[in-house]
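Undergrad: To start, I am sharing the structure in question, which I have written as structure tokens.
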Amino acid sequence: GDLAAMAQASQHVFWFSAFCGASVGMQVLNKAIAMSLREQGSQKLDNAIMSFQQIVAIVLNFLFAFLFPKSETWQMKRVTFQQARRLVLPSANFVFMLLCSLKALKSVHVATVVVARNMCTVFIAGGEAVVFGRTFAMEVWLALMVTVVGSVVYALNDLHFDAEGYWYQALNSFFFCVGQLYEKWAMDKSTDQTPLGISTLKNALSLPVLGSLMVVFGEVSSVPALLDLPPATHLYILLSGFGCCALSIVYMTLYKISTATAVTVASNFNKVVAILVSSYLFAGTLGVTQMVGLLVCILGCMWYSFAAQRQSKQKEK
């Protein structure tokens, strides 16, 4: 019994540590790529870089599926036209979301991204109430109000405010909310494919969208300029491709061995680590009031996670 408990505990430690490393690593890598592109004056490489990230993730997914055919994590079912058709819109939405994120990170602090993502929780909850008729307890709404207050305090005292950066971050948040609400609606229709299969299919379907954007914005002729980027940037781009794959696998595994609340709490912890690491690496200091707003926002989001979990448990009874 003790041995089994120790094995389970060590499994949790390993996967939650991997979650922190992959999550913080992706935030820092994307920020480093965005800063490098800004310094190099490269305005037309975003879609090419994102295409490369998706290709690396697809190749790794198939490689691991081939190497570990008996592992549940790396299982994929046969792809059908119905699955592809169902994922076309989410894949396009996914591309626009990532594109706006890369553009926003050129000028906003990672903490701003964290606050914006927490605000998305408020809009998604509102969307669920309006679109799906979901009801929330008063405690849930109070937690969301705390998140809003913290976000407003942060934004009003942001030392790194940049209008263009905030515009792209707002667009990123919009696409994220649309994607989340669509996935909640379509979740019961996705039983014919595994999580890895869905992830790989979304990566593959995003490539034609990215290719079209490259043509529309005249980025195709700029692709050779990728070779002129500093070697360090090439390494960041390659590692971010591995990060895309790693995050998908970590999320799938954690939802299998742990609770949704534990994953949410860990996600908030990762955000704090990402902010601290980014502030150190990119010299982006935060004001005292700004930090208070950030803390209130994160705590509000954590409170919401616990309150929503309690509500769902009470309904089950």
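Undergrad: Looking at VAL296, VAL250, VAL209, which one is within 30 Å of ALA137 (Cβ to Cβ) and touching a residue at least 40 places away in the same chain (Cβ under 8 Å)?
TA: None of the others qualify; the one that does is VAL296.
Undergrad: I would also like to ask the following. Within segment 58-73, count every residue that is loosely packed, with under 15 Cβ neighbours inside 10 Å and either of a type in the set (Val, Ile, Thr) or within 19 Å of PHE242 (Cβ to Cβ) (or both).
TA: 7
Undergrad: Mind listing just one residue for me: the one in segment 57-102 that is under 20 Å from GLY179 (Cα atoms) and β-branched (Val, Ile, Thr) and, of those, nearest to the chain's Cα centre (by Cα)?
TA: Residue satisfying both the conditions and the ranking: VAL95.
Undergrad: Identify, from the list THR233, THR253, the residue that is open to solvent by less than 40 Å² (accessible area, probe 1.4 Å) and farther than 22 Å from LEU98 by Cβ.
TA: THR253
Undergrad: Give segment 34-57 a look and list any residue that's outside any helix (DSSP H, G or I) and surrounded by 18 or more Cβ atoms within 10 Å (Cβ to Cβ), or say none.
TA: SER42, LEU45, listed by residue number.
Undergrad: For segment 225-317, list the helices (runs of 4 or more DSSP H) that sit wholly inside it and hold at least 1 residues that are touching a Cys at 6+ places or on another chain (Cβ under 8 Å); which are they?
TA: It comes to 260-281.
Undergrad: Which residues, counting only those in segment 125-145, are hydrophobic (A, V, I, L, M, F, W, C) and open to solvent by less than 50 Å² (accessible area, probe 1.4 Å)?
TA: Passing the criteria: ALA125, ALA129, PHE136, ALA137, VAL140, ALA143, LEU144.
Undergrad: Follow-up. What single numbered condition from (1) assigned to a helix (DSSP H, G or I); (2) modelled with pLDDT under 90; (3) not aromatic (Phe, Trp, Tyr) fails to hold for VAL79?
TA: Against the list (1) assigned to a helix (DSSP H, G or I); (2) modelled with pLDDT under 90; (3) not aromatic (Phe, Trp, Tyr), VAL79 comes up short only on (1).
Undergrad: So, one more: Is it fair to say TYR280 is hydroxyl-bearing (Ser, Thr, Tyr) and under 20 Å from the mean Cα position of the chain (by Cα)?
TA: So TYR280 fails the test.
Residues are listed down the side, and each one gets a yes or a no for (1) open to solvent by less than 20 Å² (accessible area, probe 1.4 Å); (2) under 27 Å from MET252 (Cα atoms):
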position	(1), (2)
GLN75	no, yes
VAL79	no, yes
PHE96	no, yes
CYS100	yes, yes
VAL110	yes, yes
ARG117	no, yes
VAL122	no, yes
TRP167	no, no
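Undergrad: Assess whether LEU295 counts as being surrounded by fewer than 15 Cβ atoms within 10 Å (Cβ to Cβ), at pLDDT 80 or above, farther than 21 Å from LEU144 by Cβ and aliphatic (A, V, I, L, M).
TA: Against the criterion (surrounded by fewer than 15 Cβ atoms within 10 Å (Cβ to Cβ), at pLDDT 80 or above, farther than 21 Å from LEU144 by Cβ and aliphatic (A, V, I, L, M)), LEU295 does not qualify.
The values are calculated or read from the model by the stated rules, or taken from the named source; none is laboratory data. Predicted model only: the values in this text are computed from it and were never measured. A quick note on method: Cβ atoms are made from the backbone with ideal geometry, for glycine too, and the neighbour counts reach across all protein chains shown. SASA here: full protein model, heavy atoms, side chains in, ligands and nucleic acids out. Shrake-Rupley method; radii C 1.70, N 1.55, O 1.52, S 1.80 Å.
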